[in-house]
Amino acid sequence: MRRHSKRAIATAMIAACAMAGTSLAACSSDDADANTIVVWDYYGSATPVKPAIEAYKKKHPGIKVDYQVYDYDTFQEKLSTAFSSNSAPDLATIDMTWVPTYASQDLLSDLSEISGEKLNGASIDSQYTKGSVDAMTYKGHKIALAYDFDAYALYYRKDILEAKGLKVPTTWDELVEVSKAMAEDSNGDGKPDKYQMQVRPDTFQYSQFLFQNGGSIVDKSGKKAAFTSPEGVQAMEYMKKLLDSGGLLWDDSQGDSTGLPGISDERIGMFLNGPYMMGVLKDGVPGQAGKWAVAQAPFAKKPGSYLGGTGLVIPASAKNPKKAWSLMQFMLTPEQQELVYTKAGAAPATKAALKSPKLSQPDPFFGGQKPFEVFEKAMATATPFPYVAGWPDIDQEITKAVASAIRGRKTPKGALEDAAKKTDEALRQ
């Protein structure tokens, strides 16, 4: 009922704007307080959004910004409620894994229309990698612009590899062998408990192996699960093999999804994760400075990773989309994009920001390495999750399948086939 009511309102607005001879964006802002932009942000205390807003207001003293902060864990529910009650903000940070759900329900503004496909005077596509452009595009239109990105690389204890005379793994087989050789049994109980390879039972890690093996989550039609293919089953079998070869299962029972407690007490010596973990390591284990390095994730058939991160969106019901777009453009200038790294420890999404001096200089924590170069390559070969309405349910089913398969409760093929049945149901929504 609410969705149909909202669409009726939107249709009426479009018709009224058309009669007035102006765009929906311009028309909407005329009906609102044209000098106030409502912004919702989930970054938390280390946000790059707030200082960017302060800088924006100095350049635009006549503009007011109603800046509201919400906890990440409850932000999606808060935003969904706002969409259904027609009380959404003008601009919001959003996890890119949420975009498929909102985009498929026509809840996000068409940024291609608002922007004319230009960002700060240049083509939007020219300022992002192809993977990012794909992630920002739904049915040929931009519906979000990437603010930071998440693509996986291999973090490893460089000092331990060197002490053991091991080379950085570049293939799946090499990762298994290095994982075996790196892990140690420090208490003599016959089981490794130090310098293990972290294995996480979730869609993020499984999809990385799936993509590296040439597989996909859904078929080209977007209407049927594709991860039960031989490539998908092999990816699941590999995760179990990795766990059985000196790996450490790290799930929600540890209470910290990053693995920081295991990194701190040195149970974890290698893991696959995104650039935000650089900040986690620096803050969480400063005493391990100089011991870590990053490298391209080992792969089977081709490099690959899931592509996620934070996007900036203008809800379809935004009351001031024109001013919101002005602020969004400002936040995506190279100078403001640097704040994503300097304030939040994350990786800015635009090409220009990744080339800035602050991000391209050697990093002492990583032994003088330039780690952003590794993540930039990872982003170039990463794949976003599919834009389908039932994605939250699909994500949940894949995660359940991974957990049951690598724990040996089901065969990899059986677990994936069960997940595929639920996935097909979700795709028919």
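The values are calculated or read from the model by the stated rules, or taken from the named source; none is laboratory data. The structure displayed is predicted, hence computed values, not measured ones. Here Cβ is always computed from backbone atoms with ideal geometry, including for glycine, and neighbour counts include all displayed protein chains. Ligands, DNA and RNA are stripped out before the accessible areas are found, and what is left, the full protein with its side chains, is counted by its heavy atoms. Shrake-Rupley method; radii C 1.70, N 1.55, O 1.52, S 1.80 Å.
Note on Tyr206: accessible area is roughly 0 Å² with a 1.4 Å probe, heavy atoms of protein only. The label point for Glu335 and the one for Glu162, both projected 7 Å from the Cα toward the Cβ, are 4.0 nm apart.
Which longest run of the chain has no exposed loop site in it, a site being trypsin sites (Lys or Arg not before Pro) in a DSSP loop with at most 15 other beta carbons within 10 Å, and the site itself not part of the run?
Working: sites that count: Lys139, Lys164, Lys167, Lys220, Lys223, Lys224, Lys301, Lys355, Arg407, Arg409, Arg428.
The longest uninterrupted stretch comes out as 1-138.
For segment 83-201, with only Lys/Arg (+1) and Asp/Glu (-1) charged at the beta-carbon, what is the dipole magnitude about the Cα centre, in debye rounded to 20?
220
In whole angstrom, note down how far apart the Cα centers of segment 351-429 and segment 110-158 are. Value for the Cα centre distance between the two parts: 17 Å. Reported to the nearest whole Å, the Cα centre-to-centre distance from segment 57-100 to segment 168-242 is 36.
The residues of the chain expose, per residue, 43 Å² of accessible area to a 1.4 Å probe. Suppose R0 equals 60 Å. What FRET efficiency, 1/(1 + (r/R0)^6) with r the Cβ-Cβ distance, do Lys64 and Asp219 give to the nearest 0.05? Efficiency for this residue pair is about 0.80.
What does the charge dipole of the chain about its Cα centre add up to, to the nearest 20 debye, if the Cβ of each Lys and Arg holds +1 and the Cβ of each Asp and Glu holds -1?
Details: 49 positive and 51 negative charges, 139 e Å.
Rounded to the nearest 20 debye, it is 660 debye.
Of all the accessible heavy-atom surface of the chain, with the other protein chains kept in place and a 1.4 Å probe, what percent is carbon and sulfur? After summing per-atom areas, the C and S share lands at 51 percent. Farthest toward the positive end of the dipole of the chain, out of Pro315, Gly279, Gln369, is the Cα of Pro315, where the dipole comes from beta carbon charges about the Cα centre.
Evaluated over segment 361-429, the count of Lys pairs having alpha-carbon atoms less than 24 Å apart is 8 (only pairs 8 or more residues apart or interchain). Secondary-structure-derived ellipticity at 222 nm for the chain, considering helices only, amounts to -13000 deg cm²/dmol, per-run term -39500 (n - 2.57) for DSSP H runs with n ≥ 4. The HN-Hα couplings worked out from phi for segment 186-191 by the Karplus form 6.51 cos²θ - 1.76 cosθ + 1.60 (θ = phi - 60°) are 8, 10, x, 8, x, 10 Hz, whole numbers, x standing for Gly and Pro. Here's the picture: charge each Lys and Arg Cβ at +1 and each Asp and Glu Cβ at -1 in the chain, and of Tyr128, Pro261, Leu166 the one pushed furthest to the positive end of that dipole is Tyr128.
For segment 127-269, lysine pairs separated by 8 or more sequence positions, or belonging to different chains, with Cα-Cα distances below 12 Å total 5.
Excluding Asn187 itself, calculate the net charge of residues whose Cβ lies under 15 Å from the Cβ of Asn187, where each Lys or Arg counts +1 and each Asp or Glu counts -1.
On the way: positive: Lys191, Lys194, Arg267; negative: Glu184, Asp185, Asp189, Asp193, Asp265, Glu266.
Result for the local shell: -3.
Using Cβ point charges alone (K and R +1, D and E -1), the dipole size of segment 172-325 about the Cα centre works out to roughly 1100 debye.
Computing volume of the Cα convex hull per residue in Å³ for the structure here picks out one of (i) 140; (ii) 131; (iii) 185, namely (i).
Using only the alpha-carbon atoms, how far is helix 49-59 inclined from the longest principal axis of the chain? Give it as 0 to 90 degrees, nearest 10. So the helix axis and the longest Cα principal axis differ by about 40 degrees. If you take all other residues with their beta carbon under 10 Å from the beta carbon of Ser132, and give Lys and Arg +1 and Asp and Glu -1, the sum is 0.
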